[in-house]
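The values are calculated or read from the model by the stated rules, or taken from the named source; none is laboratory data. All values derive from a computational prediction rather than experimental measurement. No Cβ is skipped: glycine too gets one built from the backbone with ideal geometry, and neighbour counts run over all protein chains shown.
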Amino acid sequence: ELKVEQNPLFLSMQEGKNYTIYCNYSTTSDRLYWYRQDPGKSLESLFVLLSNGAVKQEGRLMASLDTKARLSTLHITAAVHDLSATYFCAVDENSGYALNFGKGTSLLVTP
Amino acid sequence: IAGITQAPTSQILAAGRRMTLRCTQDMRHNAMYWYRQDLGLGLRLIHYSNTAGTTGKGEVPDGYSVSRANTDDFPLTLASAVPSQTSVYFCASSRIPGEFSEQFFGPGTRLTVL
């Protein structure tokens, strides 16, 4: 059974600070996805990582994938309040039919 | 329509009643999925369909059924609702299963079973 673990589950950080969210998974896969969810809203796709060493950046967020370590990171640079949301990583087992989600990291950025 | 729509937006339902959650996509995606989201548990897959005419069970299929008569629609039915089915339900779709399966999500249906 594929397990996807995110750390931390809750994160409160000050504006301007940097931090990293970690996503570990238990099976071989070279496809990992990051989603953002605002309270009461749907999930929005942030990044699609499709190979070992893949790195993608959008604004203050940067995601990377190390398939050998079975680890993805989502790095936040100089956080701003608008980044407050829940972030999910999800792993594709290469079966093509479903994503396995982590429990999510609830991020709160405070002044 | 642009993307995925779900109906209803929210519903309060008496236990034992039958309920169908509707999902329609206009992206001509082959694969569609139903997830439920519960606090502290993340998203769990209920059922999926890789193409019209086929369906499969996910992690938590008991008490739910689906059908896929055409590409666009993927309804989820609760035959006899129970309080443990209180949740937020998300429908999702992806272009082609078997390739990178970035999934796009609908707005969700908040269901309360009393």
Could you list all residues from the stretch A:29-68 that are free of Cβ contacts under 8 Å to residues at least 12 places away in the same chain and of a type in the set (A, V, I, L, M)? A:A54, A:V55
Report yes if A:Q14 is under 29 Å from B:Y89 (Cα atoms) and in contact with a strand residue (DSSP E or B) (Cβ under 8 Å, 6 or more places away or on another chain), otherwise no. no
Scan the stretch A:70-89 residue by residue and report those that are in contact (Cβ under 8 Å) with a residue 60 or more places away in the chain, more than 8 Å from chain B (Cβ to nearest Cβ) and crowded, with 16+ Cβ neighbours inside 10 Å. A:I76, A:A79, A:Y87, A:C89
Over the stretch B:37-54, the set of residues surrounded by fewer than 22 Cβ atoms within 10 Å (Cβ to Cβ) and within 30 Å of A:F10 (Cβ to Cβ) is B:Q37, B:D38, B:L39, B:G40, B:L41, B:G42, B:R44, B:L45
Going through the stretch A:92-111 one residue at a time, which ones are at pLDDT below 90 and surrounded by 20 or more Cβ atoms within 10 Å (Cβ to Cβ)? A:D92, A:A98, A:L99, A:N100
Hey, can you tell me all the residues within the stretch A:15-48 that are surrounded by fewer than 16 Cβ atoms within 10 Å (Cβ to Cβ) and of a type in the set (S, T, N, Q)? A:N18, A:T20, A:S26, A:T27, A:T28, A:S45
If you take the residues in the stretch B:56-100 that are among the β-branched types (V, I, T) and over 26 Å from A:L32 (Cβ atoms), which one is surrounded by the fewest Cβ atoms within 10 Å (Cβ to Cβ)? B:V82
With the requirement that a residue be away from every other protein chain (no Cβ under 11 Å) and more than 17 Å from A:L83 (Cβ to Cβ), what does the stretch A:30-53 give you? A:N52, A:G53
Is it the case, given these coordinates, that A:L108 is over 13 Å from the mean Cα position of the chain (by Cα) and part of a strand (DSSP E or B)? yes
For the stretch B:20-45, which positions are under 14 Å from B:Q6 (Cα atoms) and either touching a helix residue (DSSP H, G or I) at 6+ places or on another chain (Cβ under 9 Å) or without any contact (Cβ under 8 Å) to a residue 40 or more places away in the chain (or both)? B:R36
Show me the strands (runs of 3 or more DSSP E) found entirely inside the stretch B:6-114 where at least 2 residues are at the interface with chain A (Cβ under 10 Å from one of its Cβ atoms). B:31-38, B:42-49, B:87-94
Residue tally, condition assigned to a loop (DSSP other than H, G, I, E, B) and not charged (D, E, K, R), over the stretch A:82-105: 8
